[in-house]
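Q: Just passing along the structure, written as structure tokens.
The values are calculated or read from the model by the stated rules, or taken from the named source; none is laboratory data. Keep in mind the model is a prediction, meaning the values are calculated, not measured. Cβ placement follows ideal geometry from the backbone for every residue including glycine, while neighbour counts extend to all protein chains displayed.
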Amino acid sequence: MKPYGHIQSKNLKVMLFVARLLVFLSGVLCVLGIAYLILSAFSLNGFIAGLAVGLKIILLSLALLTASSILAAITSFEESYRIKVQYLISNN
């Protein structure tokens, strides 16, 4: 399943690819962060440090997901604007 599969772009294909790549990286980081939290829960020496690192990884994952969403929204906006302009030019 491809993230943002309904969005297509003629001009900003690289930006859409980067948005999809960021979604994938965000998912991987989220899984790693959750795994780190679980593993640090069983460690008695560095529970607080492990908790902090795990939460930072999850926050980074959410930041990447937010950046990906913004890139996808810009791509979608540009494509709809391009189609609208193309329609207006063809009707004149």
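Q: Have a look at 80, 69 and point out the one that is in contact with a helix residue (DSSP H, G or I) (Cβ under 9 Å, 6 or more places away or on another chain) and in a helix (DSSP H, G or I).
A: Working: 80 fails: in contact with a helix residue (DSSP H, G or I) (Cβ under 9 Å, 6 or more places away or on another chain).
Of 80, 69, the one residue that is in contact with a helix residue (DSSP H, G or I) (Cβ under 9 Å, 6 or more places away or on another chain) and in a helix (DSSP H, G or I) is 69.
Q: Let me ask something else about it. Here are some conditions: (1) within 11 Å of the chain's Cα centre (by Cα); (2) assigned to a helix (DSSP H, G or I); (3) closer than 26 Å to residue 86 by Cα. Residue 4 meets all but one. Which one does it not meet?
A: (2)
Results for (1) free of Cβ contacts under 8 Å to residues at least 24 places away in the same chain; (2) surrounded by 11 or more Cβ atoms within 10 Å (Cβ to Cβ), shown as yes or no for each residue.
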position	(1), (2)
1	yes, no
5	yes, no
12	no, yes
16	no, yes
22	no, yes
25	no, yes
29	no, yes
38	yes, yes
48	yes, no
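Q: If you don't mind, there's one more thing I want to ask. From the residues in segment 70-92 that are touching a residue at least 24 places away in the same chain (Cβ under 8 Å) and among the β-branched types (Val, Ile, Thr), which one is surrounded by the most Cβ atoms within 10 Å (Cβ to Cβ)? Show your work before the answer.
A: Filtering segment 70-92 for residues touching a residue at least 24 places away in the same chain (Cβ under 8 Å) gives 71-72, 74-76, 78-79, 82.
Still in the list and also among the β-branched types (Val, Ile, Thr): 74-75.
Values: 74: 15, 75: 23.
Here the answer is 75.
Q: I've got another one for you. Can you tell me which residue among 81, 4, 36 is on the phi > 0 side of the Ramachandran plot and out of contact with any Phe, Trp or Tyr (no Cβ under 7 Å at 6 or more places or on another chain)?
A: Details: 81 fails: on the phi > 0 side of the Ramachandran plot; 36 fails: on the phi > 0 side of the Ramachandran plot.
4 is the lone residue from the list that is on the phi > 0 side of the Ramachandran plot and out of contact with any Phe, Trp or Tyr (no Cβ under 7 Å at 6 or more places or on another chain).
Q: Residue by residue through segment 54-74, note down the ones that are over 27 Å from residue 42 (Cβ atoms) and at pLDDT below 95.
A: Selection gives nothing.
Q: Another question, if that's okay. Please verify whether residue 44 is free of Cβ contacts under 8 Å to residues at least 12 places away in the same chain, under 21 Å from residue 3 (Cα atoms) and of a type in the set (A, V, I, L, M), treating the condition exactly as stated. If you could, list the steps in order and put the result at the bottom.
A: Numbers: free of Cβ contacts under 8 Å to residues at least 12 places away in the same chain: yes; under 21 Å from residue 3 (Cα atoms): no; of a type in the set (A, V, I, L, M): yes.
Criteria not met by residue 44.
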